[in-house]
Every structure is written in structure tokens, then in C-alpha cells.
1. I need every pair where a residue in segment 318-330 that is touching a residue at least 40 places away in the same chain (Cβ under 8 Å) and closer than 17 Å to Thr98 by Cβ has its Cβ under 6 Å from the Cβ of a residue that is open to solvent by less than 40 Å² (accessible area, probe 1.4 Å) and outside any helix (DSSP H, G or I), sequence separation at least 6 or different chains.
2. Quick one: is Gly375 more than 19 Å from Val73 (Cα to Cα) and among the small types (Gly, Ala, Ser)?
3. Kindly indicate the residue of segment 174-203 that is of a type in the set (S, T, N, Q) and surrounded by fewer than 23 Cβ atoms within 10 Å (Cβ to Cβ) and also farthest from Gln383 (Cα to Cα) among those meeting that condition.
4. So, in segment 211-226, of the ones that are touching a residue at least 12 places away in the same chain (Cβ under 8 Å) and within 19 Å of Arg163 (Cβ to Cβ), which residue ends up most open to solvent (accessible area, probe 1.4 Å)?
5. Just the residues that are in a helix (DSSP H, G or I), open to solvent by 20 Å² or more (accessible area, probe 1.4 Å) and closer than 15 Å to Leu401 by Cα, please, taken from segment 112-141.
6. Take the conditions of a type in the set (Ser, Thr, Tyr), at pLDDT below 95, more than 28 Å from Val194 (Cβ to Cβ) and touching a Gly at 6+ places or on another chain (Cβ under 6 Å) and apply them to Tyr90. Does it pass?
7. Condition test on Leu291, is it open to solvent by 10 Å² or more (accessible area, probe 1.4 Å) and in contact (Cβ under 8 Å) with a residue 60 or more places away in the chain?
8. Among all residue pairs at least 6 apart or on different chains, which show Cβ distances below 8 Å where the first residue, located in segment 30-57, is within 19 Å of Ile103 (Cα to Cα) and free of Cβ contacts under 8 Å to residues at least 24 places away in the same chain and the second is open to solvent by 40 Å² or more (accessible area, probe 1.4 Å) and in a helix (DSSP H, G or I)?
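The values are calculated or read from the model by the stated rules, or taken from the named source; none is laboratory data. A quick note: this is a predicted structure, and the numbers were derived from the prediction, not measured. Cβ placement follows ideal geometry from the backbone for every residue including glycine, while neighbour counts extend to all protein chains displayed. Ligands, DNA and RNA are stripped out before the accessible areas are found, and what is left, the full protein with its side chains, is counted by its heavy atoms. Shrake-Rupley method; radii C 1.70, N 1.55, O 1.52, S 1.80 Å.
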Amino acid sequence: MASRDLFYSTQKDQIKMHIPFFLYFTAMFCFYKFTYFQLGIQIAVILYFGLLLIKRRLRVTKTQVKHLLFYLVWFGAFVALMFLSTTWAYGKLETARTLLIAIRTFAIGFLIYYYADSKEKTLSIFLSFVMAFFITTIVIYITTPLSGWGSEHFFGVAISQQRNSTGAVSAPLVVLCYYLHSCYGLKIGKFLSVYFAVFTVIGGSRSAMLHTVIVVVLSLFLNEKNVAKKAKKALALLLIALGIVTLVYYVPFLYNIVWVRIGEAVSTTLGIDVADSSTVGRENLKEVATLMFFQRPLLGYGVDGVVCFLSDYSKIIGEEVKAVYSHCNYTEIAACFGVVGLVIWYVPIIKTLISSFIFRKNSVWKMCLFVSLLGMIIHDYSQITWSTHLNMYLLFIVLLLIRQECQQGATEGINK
């Protein structure tokens, strides 16, 4: 109990880390570049849960069946579509690990949905994920020279992490960790909230910074019903924003990675000045992927379709476009898997979001989950979610937490 008291300010609703998942997440995230080591720890955690499965004599509760069916209809069907698409894929990329990553994340996701038959167990896995990611960020700081902070080519690259994917995780954790403190008494929740906000900025991902702003603003205002208090929060938020803007403007490091880069992106997007090659390049990629979708709208070009197509038609829009993925979940799924892929991926997620919206007023934690999922869906515009273990595990957990909260809310409604 003594060790738990270091983490919790109250004795009720405490969340205890799930050590096997914590060890797995930490090893996977910090040793991402070592493929065989990854495979080894993945086999180890599968064997561990396999033994638990045998002890349970393959029995599952009705609740588990519902969540597992959701998982299979959603991500299981998506992975199956990816696999089937190899039969009609435009090309084959020898170095690609897209399908392999999807299959492996599917296996771990299945374990999460099987094991977490209660909200308490899911929160336990979530805390394990948060602490593993915290350790990963420390390793990123240590392995990235100060001159590489905020740089796409250096930040996190030493351990094969990337600032956009780490930023897509740290942004929602800003609000999730705060509400772990207020709802479950996690002492370090507020610290982690501020820490992940700082990490997001230092990483330099503009989309992650915008993501952070969206979830923070929404969580502040949607969780407050009193109009007068909302006005006070708005004023406080305005003052904080002015303070942050002043800090960013006058601190050289922040000025370069935040002020300058955001200014360039805005100028480029509005057509005032083509100042940011990254923004131009990514918009070109989305344009090509959209064109591909209209050419094969039903099933698309198959797994890795965008990068393979661009390797042959790099000048399809009149200028050179680098043969990479489209950096957008919407366009990547549309181009590679067509309408079928979009339906399989987004219909279950949107339905979960709607359910979350319906029950959002039941508690501040439910509101936090709704805001977090909404922010992740918006962030899909600038990332491919299913391409990394890091992003997918967080999405698995958030979706499962929402389903469990909604199920609890529905039960409470019936009892009333």
C-alpha cells in the first residue's frame, strides 16, 4: 500500500498499473527499431495471456463477447481487408511493414479487449500505457541532442519514434491525465498533464499542438455548466494564452519551432506565401490520394497503394511528389481501401463517438473521453493512425473505456 500512496491522494477508486502490459508497452516503445526484440516481447506477452486464457477454460462473459465482437467487426475486419487487398494491390513495397504492424497490433488489441472485462482493468492497462509512454519520452529526450529538439529528422528518431506520432499520443494525454487526477485521485496526474503539454511543444508537431488546444478548450468548457464560471474560465484561458504567446515570441527556441513554423503553415495554407515546403508537400500527397480514390472508389489500390503509385507517377499533379504515404488517415484509407475501408474503419468509431456524446453529461470523466476521441478523429487529418503501435494502443483503450462507460450509463438509466 505504501508504494500506491505515492501515486494516490485518496483511498478510493485507485488504479493500479498492470505490470505485464506496462513492461510490454515500455519495451515496445523504447526498442521500436529492434524488430526481433519486438517480436520476442510480443510472443512473451501473448504466451502470458494464453496461460490466463487456458486457466479460464476459454470462457468469456457476455460483456467480453460484446466488446470482442465490436473489436473484430471494426479492426479485425479492417486488418482482413488489408490482407485481402494484397490480391488487387497496385504494387508491392519490399521494405513495407504496414500489414505486419496491423496484424501485430491486432493481436495485442485482442488481448486488451479479452483481458479488460471491467472498467477497472481497462483503467489499469491505460495507466500502464501512460507510464510506459512517459518513460519513452524521457528516453527520447536523452537520445535526442538539444539541437534536434523540435526537428522532424532528429526528435525521437534514435529509437525509431517520430514527432507526429508521439505528439498524437501526448496531446490527448494532456486532458486524460488531468482527469485521472480529478476523478481517480492520481497524484501525478496534474504533473503528467503539464509534462505532456510541454513535450508536445518541444516535439514541434504543429498538428499535435493544435490537437492539444482543441481538447483543452473543449474539456474546460464542456465540463462547466455554470455560465458565470464559463466566463471566468474563458478569461483565465485568454490570459494564459496571452502569456504563452508572449513566451513563445520571446524565447528563441520556442519562437523557431512554434511561432515561425505555425506562421509559415498559415501563410502557405491561405496562399499568402509558399513559405512551408512541408505543408505544400502534405497537401500535394492528399491531393494525389484523393485522385486515386476517385479512380478506384470501391476497394482502392490496396495496401501501400499510395506510396507504390507515387513511385511510378510522382508528377501526376504537375510537380514532383515524394513517394511516401499521404500523411492523412482519411485519404490513405480512401486511396488504398476505398469506400469499403472508410466504412469499416470510421462507422464503428463514429458510432462510439455518438454514444460517448449521449452519455457525456453523466460525469466529467465521460466528457473527457468524448473530447479525447473527438480530438483523435480530427487529428486523423494529419496522421495515419493504424501505421504505429503507439497510436493504436491508445485508440484501443479509449474506445474500450467509452464502451464500458456507456454500458454503465445505460445500466444506471435502466435502474432509475
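1. Correct list of pairs: Tyr325/Ile384; Asn329/Ile384.
2. Here the answer is yes, as Gly375 does meet what is asked.
3. Per the stated criteria, the residue is Ser182.
4. Per the criteria, the residue is Ile214.
5. First, the residues of segment 112-141 that are in a helix (DSSP H, G or I): 112-115, 119-141.
When the remaining residues are screened for being open to solvent by 20 Å² or more (accessible area, probe 1.4 Å), the result is 115, 119-121, 131, 134-135, 138-139, 141.
Within segment 112-141, Tyr115, Lys119, Glu120, Lys121 meet the criteria.
6. yes
7. Working: open to solvent by 10 Å² or more (accessible area, probe 1.4 Å): yes; in contact (Cβ under 8 Å) with a residue 60 or more places away in the chain: no.
Against the criterion (open to solvent by 10 Å² or more (accessible area, probe 1.4 Å) and in contact (Cβ under 8 Å) with a residue 60 or more places away in the chain), Leu291 does not qualify.
8. Ile41/Leu23
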